[in-house]
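Input: a single structure, listed below in structure tokens.
Bear in mind these aren't lab numbers, they're just calculated from the coordinates by the rules spelled out. Keep in mind that what you see is a predicted model, and the values were worked out from it rather than measured. Neighbour counts are summed over all protein chains in view; Cβ atoms, including those assigned to glycine, are modelled from backbone coordinates with ideal geometry.
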Amino acid sequence: MARPLAIIEDEVRSLSTAEKETLLRVLWEELDGPAYPDVEAAWLDEVRRRSDEIDSGTAKTTPSEQVFARLREQIKK
């Protein structure tokens, strides 16, 4: 018989931060479904492509302070 959710929640709260992170990762992967085999490689290719664009100066970058300031302004509207 399954244990009540409240007991499981208490047990989770007693875990270390590292254990909680591991549990969260496992649960997220379970909820997210099976991984697509080529997704990781595609993301690595994308990261390399973007990094090359930044290094070569062909990509326009925006300082994070400006990005967050714009977001705060948009949220206020």
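Put a dot 7 Å past the Cα of R13, heading toward its Cβ, do the same for T58, and the two dots end up 5.4 nm apart.
For the chain, adding -39500 (n - 2.57) for each run of n ≥ 4 DSSP H residues and dividing by the number of residues yields -23500 deg cm²/dmol at 222 nm. For Kirkwood radius over Cα pairs in Å, the candidate list reads (1) 17.3; (2) 12.8; (3) 14.0; the entry that matches the value derived from this model is (1).
If R0 is taken as 30 Å, the Cβ-Cβ distance between A35 and V67 corresponds to a FRET efficiency of 0.50. Counting only residues at least eight positions apart within a chain, or on another chain, the aspartates and glutamates with an alpha carbon under 17 Å from that of K60 are E46, D52. Whole-Hz Karplus values for the range 53-61 come out as 5, 5, 4, 7, x, 7, 9, 8, 10 Hz, taken residue by residue from phi with 6.51 cos²θ - 1.76 cosθ + 1.60 and θ = phi - 60°; glycine and proline positions read x.
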